[in-house]
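What follows is one structure encoded as structure tokens, with my remarks underneath.
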Amino acid sequence: MSGVLMAVVLAVQGAGAPVDKGLDLAGTYGNVCVHPESGDLLGIELFFPGAADPGHARLRHYEGAGLAPERLVMGTRGAAVYLYASDGTVVMVVRRQGAALQVTHLAGSQASSGGDRETLVTVTRRGGDGTRPVCR
């Protein structure tokens with residue numbers, strides 16, 4: 001979908017204002033863990049590239065392994081960031097909660113726990129080896 005068409009779709013759907021430049025979300029947030037018995041990866045990661053790709057985020061689901069990332073368009077309403085799929089559907093609402101993000105899933109998607117909300121923390125790789133915490 002072209003950038004102009006996406007802007008029209010978002011305006012029609014009430015996407016809110018473009019992302020506030022003062023709202024710095026750059027980085028990776030997630031809750032991905034390793035299942036203790038199977039070794040499967042479970043959870044989601046949200047990557048905000050900041051100035052490298054302003055107004056966009058990448059969502060990656062982990063359901064045994066990492067699925068292909070989805071590029072989302074960002075819009076804001078007050079302190080909330082709305083993330084839109086390529087078809088203009090609102091996928092989730094993100095609010096900063098200290099250093100973490102509170103995510104509310106929309107459009108029928110579910111949180112890793114099965115509900116509609118989850119908390120994502122800043123992702124750091126211990127020693128750069130990609131080690132993930134064990135699921136509880």
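The values are calculated or read from the model by the stated rules, or taken from the named source; none is laboratory data. No experiment lies behind these values; they were computed from the predicted model shown. Note that each Cβ is placed from the backbone with ideal geometry, even for glycine, and that neighbours are counted across all protein chains shown. Protein only, heavy atoms only, side chains kept; ligands, DNA and RNA dropped before computing areas. Shrake-Rupley method; radii C 1.70, N 1.55, O 1.52, S 1.80 Å.
Structural remarks
- Exclusive hit being part of a loop (DSSP other than H, G, I, E, B), over 30 Å from H35 (Cα atoms) and open to solvent by 20 Å² or more (accessible area, probe 1.4 Å), set S109, S113, S86: S86
- Contact annotation: residue pairs with Cβ atoms under 7 Å, 6 or more positions apart or on different chains, pairing a residue in segment 100-124 that is at positive phi with a partner that is open to solvent by less than 60 Å² (accessible area, probe 1.4 Å), are A107/T89; A107/V90; A107/V91.
- Filtered residue count, segment 16-34, keeping only those that are at pLDDT 90 or above and open to solvent by 60 Å² or more (accessible area, probe 1.4 Å): 0
- Residue check, A57 under 18 Å from T28 (Cβ atoms) and either among the acidic types (D, E) or free of Cβ contacts under 8 Å to residues at least 40 places away in the same chain (or both): yes
- Filter result (over 18 Å from V90 (Cα atoms) and surrounded by 19 or more Cβ atoms within 10 Å (Cβ to Cβ)) within segment 43-70: G43, Y62
- Qualifying residue in segment 95-106 (condition: basic (K, R) and modelled with pLDDT of 90 or more): yes
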